[in-house]
Structure formats: structure tokens, C-alpha cells
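This report concerns only the one structure given below.
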């Protein structure tokens, strides 16, 4: 397997302005030093609660948000070093599917225009070929040809999300960021769209960075899973290992908090106290120590390093002092 | 829980709620009947547009009229028919006998008044208290719902609080006059899972303490499984199934309930290739089919289903009922 995407120490700080001269008075550290690798044809699920920086990370990887620092290497090219023109050319291989199928389609364009737009922008094929491609794409996402001349308001949420997916596939990308693609949909429609995404992975070999707050949704589509908290990846492992044995105290709490749709299985719940600290003023040391049930004095002082608690071929990374040697002694 | 000895606290019969739209009248709630007994928690579940929220709002006559209108039916609470009360009598009822908490705590609280002021207003409206007494009571309530340092936080404004905190304030406010019935409309949908777990635990605990009945309106079957005694499943304005919670989850009768339960993404032992789905989409309320409204999506539908609409027949012993000609058995 070869690496498609490598992200090294990516940071995205948003300046907060205030005071008399509208100076930068603080930074919101939305993404604070995230590193991971994504292999060709695999999907990395990114899970975390609102404000943890998962959407910002997804956009920063595509440079839709200009990262503050770090490296993003896609197919061997460092995206951070590209100028505008070169970046646009590279955008052909990377696409995004947005969360809100109501806001991400232009209400004034027909479905045909919307799906065809990427082909027009990158000047691919003749007009006749483009039309044909659009029809093929509709077929892939399971919509009928008759919808082409209609407008977004005529469709349900699930259908709109299919249209958004068709648009993202227009340029045959090999990498797609899917930012909460099903969270605006009802459950009966959610699984239809998830099945579609799973099929695209299998049949088209597309790699996804799949962002969601829902661990169950993430499990269905992901090969690897990263858990984010306050701008950092706190755990990163294969989906199988992570769901079988979550190691980070935050991941454990997150898993136990999900309501189980079975009245006979009352889950043993780890209830976390308090709220997520502000990313403008993250706590020193481990970002999770303020709510962690296993916090030690050491956690308040030092940022935990990344520890591999798995094996060499099957890494399971945890950023937690519970697994470091200094803390144990 | 449906006991023969006690009379129901709330008894809804043949309720029809209609909204006039540009395209003609839409029946958001179409001939529903149900009971809520003292100390009981009843879940109303269904997907967007099924009429669950309108049902909750109609009980307190909070739907905008016009365009909304109660076409027929009765809502008996403690022996009085709420549909026959004047607006003034209804105001007496709201907040004191029946309270409601809403999905979006930010829009439900007034941003220009401190939390304390809003709570004191509610208390003084329904109880004969001095400002000082009301304030003490409000501080007590904030403490009861688990807000740290309530004496200090009572003077804060809604924007100074986190989502979970605001929802606690809403709960404190709703419970401050000791209502007999609490209507909770998606109380945790806007919250993160870890916060959701905190808030739901609190609601269930308080319900016990205050000896209230509760109607929990939600799309989340997981939340229903964990906190309700009985549930009502709605589809296109109709009640299609009602059952004790264990029966509903372990022996669902209606094919829609079955489909809904199957399609919830849940954490599984093994990743599955295809999630079970309910095919098709919810029909448009303006163009409803004559027979069963689920027939077009139903794997068990026959000609009979398309001709006449099935009605719910409640079993007098179990209190369960289903509107289906071919129940799952």
C-alpha cells in the first residue's frame, strides 16, 4: 500500500481581534499540531465533538482554510508549497462533500449545471462529453436522468446529498473530504447515503477523510479512525482496534455516552464533568486533563507524547500520559 | 405502565391539526389519540415532518394560529379540555401545570435578560412570591439541575453559558413551578454526546424527584430506549404504533418501526458491508396516498394496504397497538 496523503504537524490558528486598534489579541487554536497518514483507497474517519477542530482540519487539508503551518503531502506534492494556479490544478484530485445539502447547492442552478460545473471550471471534454459524464454520475449516485433540468428545492435532503456527491465525483478525484455528510439527514435516509459512500470506496477506490461526530457512522465507513479533542488527535488506530479496545480516556467516555437503542442494555456510562475548555485558552499539559477521570498531576504539566500501544505493523497511537514511562514511575 | 387503576393525566382524542399553506391545507397531525399516565415517560418518535413536534406544541397551544388550526379532537388534562380554554386560562396552565423544554436553548432564552431575571419572572407569574424569595428559589433550582456556583451564575446572560449549561437553565425554569407534565422537544439534539448524557441523566433524575409525567419528543431511538416507559411512533401525521418500550424494541409490529430500528447506525461487533435501509422517501403531506401512508416503502404492502388506511387498535391488556394489516408478529 502506498501513502496518498501525509499530514505533518498541521496547525490552523484563527486570529481574534479586539481592542482599540483592532489588533490580534488572541488565537483560536482550532487545529493544533495534527499528523496522520492516509493510504490509497482507505478511509480515515475523524470523530470528535463540536468545536474540536475536525471540520477545520478537513478544510485546512484542502487549503480551503489556509493552514498556519505544517505540511500536507498529497501524492508526493507538498500542497503548502503550491501557488494558486498549481493548487487549482491539484484540486482536480481532491474534492469535498459538505454537511448541509440545503446550503451547498445553488438554488438558482439546475442539477445539470451544478454537477457539470467542475468539468467546466477545469475545461474537461467537449460540451457533449460533459453532458454524458453528468448523466453517468447521476446513475452512479442512484438518481434518474429526468432530474437534470430541475432545481434543488424540488428534492429531499437525501437526494440533495446525492447530488452533492455526484458533483464531488465529476473530476474522478482520488481523495474526498466528507464533512458530516449524513448528519442533516433522517435515519432512514442516512443509511442509504452511507451505503452509497461505502460503495464508492469499494468500486472507485476513492480515499475519504470522513468527518463525523457520530462514532457509529464513522465505524461503518472507516478503515482507520482518529479521535480529536480541542484541536489535537488524541487517539489514532485501525477501526477494528479502536472499537474493540479504545485506550484514551476521552475515547472511552465518548463511546460510553452513545445511547444504545435497546432498553435491556443499560450501558455503563462514564459521565464527563464540565465542558470542553475554550480553544482560545486551552489548558496547559494534556488538553483533556480538566475532564479526565484518570488525570494525574503530571498531566497538568506536560503535553503527552504520541505513544504506540499497538505493534509495528498495526500501530495504535494514543496521546496520553497513562501510557508513557515517565508518568508510570 | 398503562394501569387500569389510575386515570390518565393527559388524554388526547382524535386530534387533527391543520396548517393552511399556499398549496392548500396540510394536516401535520391527523387523527391521533393517546394517553399519558401519572409518573410515566412517553416517547414520541419519528423522522422530520412526521408531526411529533406539532403534537407537542399543540398540547400547550403554542402553534401559530393562523396558519395553524385545531380542526377537531380533545386534549384532556386533569379532567379539563385544553382546547376549550381561553388564552388567559391557557397562560395559567403553561409553565405551572404543564411545562415545555425546547431543542434550541439559545433561541428559547431571551438574550437581553439575565438568566435569573427570566427565572424570577416565571416564578412570580405563577406563585405569590416576593422578588427575593423567587430569587432564592431560582438559585435552588439552578443548584438542583447541577449548575456549579449557582449564586454567581444566576446573574449571567445566556450567551455566557455553554449549550449544555443553557439547556440546564431551561430545565430549571421549566421545573421551577413543579409541573405535573413536562413536554421535552428534542432536549438534547443540539448537544454533543457527552453533554447529552449529562443532561438526559439529569432530566430522568429530576422527573423521579418531582413526580412528573414526561412526553419526550425525539428522533433518537437510543434516547427513547434509555429513558421512556412507552413510545409512540409517528409517520406522516399518524400514529402507526404504540407499545411498551421493551416490546417496541424487541418485538416491533409495524414494518416502519422495524425498518427504523434496523437502520439506526449503531456500533457493531463487526463492520457490515451494507446497512439495512428503508427504501424510498417520506411522501409529501400535500399528496398523501389513500391507503396506508407507508405502503409505497413497505416490503409487506398488498393491495389492501393501498386501498384503506389501517387504524391503530389498542390491546386493552398490554396497551400496545399498531396500524397495520400485516404486522410483523
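Which ones in the stretch B:137-147 are crowded, with 16+ Cβ neighbours inside 10 Å and over 21 Å from residue B:200 (Cβ atoms)?
Passing the criteria: B:137, B:138, B:139.
Restricting the search to the stretch B:12-56, which residues are assigned to a strand (DSSP E or B) and more than 23 Å from residue B:314 (Cβ to Cβ)?
B:18, B:19, B:20, B:21, B:24, B:25, B:26, listed by residue number.
Considering A:264, A:268, which residue is within 9 Å of another protein chain (Cβ to nearest Cβ), outside any helix (DSSP H, G or I) and either within 18 Å of residue A:58 (Cβ to Cβ) or in contact with a helix residue (DSSP H, G or I) (Cβ under 8 Å, 6 or more places away or on another chain) (or both)?
That would be A:264, the only listed residue that is within 9 Å of another protein chain (Cβ to nearest Cβ), outside any helix (DSSP H, G or I) and either within 18 Å of residue A:58 (Cβ to Cβ) or in contact with a helix residue (DSSP H, G or I) (Cβ under 8 Å, 6 or more places away or on another chain) (or both).
Of all residues in the stretch A:202-225, which are crowded, with 20+ Cβ neighbours inside 10 Å, more than 14 Å from residue A:95 (Cα to Cα) and either touching a strand residue (DSSP E or B) at 6+ places or on another chain (Cβ under 7 Å) or more than 12 Å from chain B (Cβ to nearest Cβ) (or both)?
Correct list: A:212, A:215, A:218, A:221, A:222, A:224, A:225.
Taking the stretch A:192-217 on its own, how many of its residues are over 18 Å from the mean Cα position of the chain (by Cα), closer than 13 Å to residue A:161 by Cβ and without any contact (Cβ under 8 Å) to a residue 12 or more places away in the chain?
Qualifying residue count, the stretch A:192-217: 0.
Quick one: in the stretch B:232-253, which of the residues that are surrounded by fewer than 23 Cβ atoms within 10 Å (Cβ to Cβ) and touching a helix residue (DSSP H, G or I) at 6+ places or on another chain (Cβ under 7 Å) is farthest from the other protein chains (Cβ to nearest Cβ)?
B:252
Has the stretch B:102-115 got at least one residue that is in contact with a strand residue (DSSP E or B) (Cβ under 8 Å, 6 or more places away or on another chain), at pLDDT 85 or above, closer than 23 Å to residue B:62 by Cα and surrounded by 15 or more Cβ atoms within 10 Å (Cβ to Cβ)?
yes
In the stretch B:203-221, what residues are surrounded by fewer than 23 Cβ atoms within 10 Å (Cβ to Cβ), within 14 Å of chain A (Cβ to nearest Cβ) and under 17 Å from the mean Cα position of the chain (by Cα)?
B:204, B:219, B:220
Going by what's in this entry, would residue B:225 be described as part of a strand (DSSP E or B) and either more than 18 Å from residue A:271 (Cβ to Cβ) or at the interface with chain A (Cβ under 8 Å from one of its Cβ atoms) (or both)?
Taking the combined requirement at face value, the residue does not satisfy it.
Determine whether residue A:107 is more than 24 Å from residue A:218 (Cβ to Cβ), in contact with a helix residue (DSSP H, G or I) (Cβ under 7 Å, 6 or more places away or on another chain) and in a loop (DSSP other than H, G, I, E, B).
Yes.
Please find, within the stretch B:254-275, the residue that is modelled with the lowest pLDDT out of those that are within 20 Å of residue B:324 (Cβ to Cβ) and either touching a strand residue (DSSP E or B) at 6+ places or on another chain (Cβ under 8 Å) or within 7 Å of another protein chain (Cβ to nearest Cβ) (or both).
Across the stretch B:254-275, the extreme among qualifying residues is B:263.
Does residue A:299 satisfy the condition of being more than 11 Å from chain B (Cβ to nearest Cβ), assigned to a loop (DSSP other than H, G, I, E, B) and buried (at least 17 other Cβ atoms within 10 Å of the Cβ)?
It is false that residue A:299 is more than 11 Å from chain B (Cβ to nearest Cβ), assigned to a loop (DSSP other than H, G, I, E, B) and buried (at least 17 other Cβ atoms within 10 Å of the Cβ).
The values are calculated or read from the model by the stated rules, or taken from the named source; none is laboratory data. It should be emphasised that the depicted structure is a prediction, and the values quoted were computed from it without experimental measurement. Ideal geometry is used to build each Cβ from the backbone, glycine not excepted, and the neighbour counts take in all protein chains shown.
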